[in-house]
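Heads up, the thing below is written out as structure tokens.
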Amino acid sequence: MNVARLLYPVKVLGPGNRMGIWFAGCTHGCHGCSNPELWKKKPEYETGCDTIMKMIKSVARTGKIDGFTLTGGEPFQQQEALRELLPHLADISDDILVYTGFEYDEDFRRENADILSYVTVLIDGRYIRERNRNCFLRGSDNQRISILQDRHRERYLKYIREGHNQVQNFRTGNGFISVGIHGADYETELKKRLLEKGLTGQDNGQS
Ligand code: SF4
């Protein structure tokens, strides 16, 4: 599977302290996408399920993983990877939130029924910059939040009712990764400020 990064604890893309998993590769080409650097798969991102699970289990030994958030990139353009990975993730936490640029329609449900049986919450639809209206958990207001597992319904309804978007920054070697739902002009402003400080950064979180 081609996975660009794992981050923990992600607190702004779902309830609790989550493990964020960013898949590489996406062909949707949404204008204003926050993560164009993840549109292409890269050889250096190629990894096995065993390696990813080893890293996740090592984190789980020191901190509680309340859930997983899978984004990218486009997780559903790596269906075999999802089929392999999700059962292992569910052994640690059955709260699995996934972003996809595909529409959650009949064809999608049929093609991905086995994968979706592990998904707690699906946020679907392409990002439309002109419809970025600071909606909670969603990059643009055309995207929909679907709670797929009844056992998590009340918890998520409360979370969505009370939530507001926040941004969380993770430091990297030569900059930082900013996770969360950002405003439409955030990237331009961020790049300008980073350049002024001689830093580079990546902006993540919307799908
Ligand atoms: S917003 Fe999401 S679906 Fe759209 S191009 Fe970017 S990564 Fe792909």
Going by what's in this entry, would R126 be described as open to solvent by 90 Å² or more (accessible area, probe 1.4 Å), among the charged types (D, E, K, R) and without any contact (Cβ under 8 Å) to a residue 40 or more places away in the chain?
no
Output the strands (runs of 3 or more DSSP E) that fall wholly within the stretch 91-207 and possess 2 or more residues being modelled with pLDDT under 95, or say none.
167-171, 175-180, 200-204
Evaluate the following for I96: is it farther than 29 Å from A60 by Cβ, hydrophobic (A, V, I, L, M, F, W, C) and under 18 Å from the mean Cα position of the chain (by Cα)?
no
Being surrounded by fewer than 19 Cβ atoms within 10 Å (Cβ to Cβ) and more than 16 Å from the ligand (Cβ to nearest atom) is the filter here; which residues of the stretch 93-114 pass it?
S93, D94, E106, D107, R109, R110, E111, A113, D114
State whether the residues of the stretch 49-70 include one that is within 18 Å of the chain's Cα centre (by Cα), of a type outside the set (S, T, Y), within 13 Å of the ligand (Cβ to nearest atom) and at pLDDT 95 or above.
yes
Failed item in (1) within 16 Å of the ligand (Cβ to nearest atom); (2) in contact with a Lys or Arg (Cβ under 8 Å, 6 or more places away or on another chain); (3) not polar (S, T, N, Q), with R5 passing the rest
(2)
In the stretch 142-172, the residues that are within 14 Å of the ligand (Cβ to nearest atom) and touching a Cys at 6+ places or on another chain (Cβ under 9 Å):
Q143
Of the residues P87, P9, which is open to solvent by 20 Å² or more (accessible area, probe 1.4 Å) and either in a helix (DSSP H, G or I) or over 26 Å from Y156 (Cα atoms) (or both)?
P87
Can you name the condition, by its number, that P9 falls short on among (1) more than 12 Å from the chain's Cα centre (by Cα); (2) in contact (Cβ under 8 Å) with a residue 24 or more places away in the chain; (3) under 24 Å from N112 (Cα atoms)?
(3)
Quick check on my filter: what residues within the stretch 153-199 are open to solvent by 60 Å² or more (accessible area, probe 1.4 Å) and among the small types (G, A, S)?
G173, G198
Would you mention how many residues in the stretch 18-48 are polar (S, T, N, Q), over 15 Å from the mean Cα position of the chain (by Cα) and within 9 Å of the ligand (Cβ to nearest atom)?
1
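The values are calculated or read from the model by the stated rules, or taken from the named source; none is laboratory data. Just so you know, these numbers come straight off a predicted model, no measurement behind them. Reconstructed Cβ throughout: ideal geometry from the backbone, glycine too, with neighbour counts over all protein chains shown. When the accessible area is computed, the model is the full protein with side chains, heavy atoms only, and any ligands, DNA or RNA have been set aside. Shrake-Rupley method; radii C 1.70, N 1.55, O 1.52, S 1.80 Å.
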